[in-house]
1. Quickly run through segment 28-47 and pick out the residues that are more than 8 Å from the ligand (Cβ to nearest atom), among the aliphatic types (A, V, I, L, M) and modelled with pLDDT under 90.
2. Hey, among L60, L50, which residue is of a type outside the set (S, T, Y), surrounded by 10 or more Cβ atoms within 10 Å (Cβ to Cβ), modelled with pLDDT under 90 and touching an Asp or Glu at 6+ places or on another chain (Cβ under 7 Å)?
3. In this structure, does L83 turn out to be at pLDDT below 85 and part of a helix (DSSP H, G or I)?
Amino acid sequence: MVPVPARTEAWSEASTMCNDMSSNTLVPCPDCGHLLATQAETCPRCARPLRTPSPREGLLLRTMNHAVSAVFWIPVFLLLVLLGTGAIAYLLGYFSPPP
Ligand SMILES: [Zn+2]
């Protein structure tokens, strides 16, 4: 088998295929080794959460990202509105020198 270079189209295709194939297989629990379906959310033996629900930190970070982007984009937006208004006013002749 030819090794597929990482992060290429073929690589992502191959990994997608692997994911599809492994979706119905059993995986050992990382803690106790009990075989679990990959869809299982917790291990029935040791109750280890397998698919961690979206963590609070992630939500907080995403909210912060939104806040940061808002703080960044609002002045940009206002500046663009000002520039646009100025440009429109200029085009309409408000700034034309008096005759
Ligand atoms: Zn387990």
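The values are calculated or read from the model by the stated rules, or taken from the named source; none is laboratory data. Remember, it's a predicted structure, so these values are computed and weren't measured experimentally. Here the Cβ positions follow ideal geometry from the backbone for every residue, glycine too, while neighbour counts run over all protein chains shown.
1. A37, A40 - these are the residues of segment 28-47 that are more than 8 Å from the ligand (Cβ to nearest atom), among the aliphatic types (A, V, I, L, M) and modelled with pLDDT under 90.
2. L50
3. No; evaluated as a whole, the condition is false for this residue.
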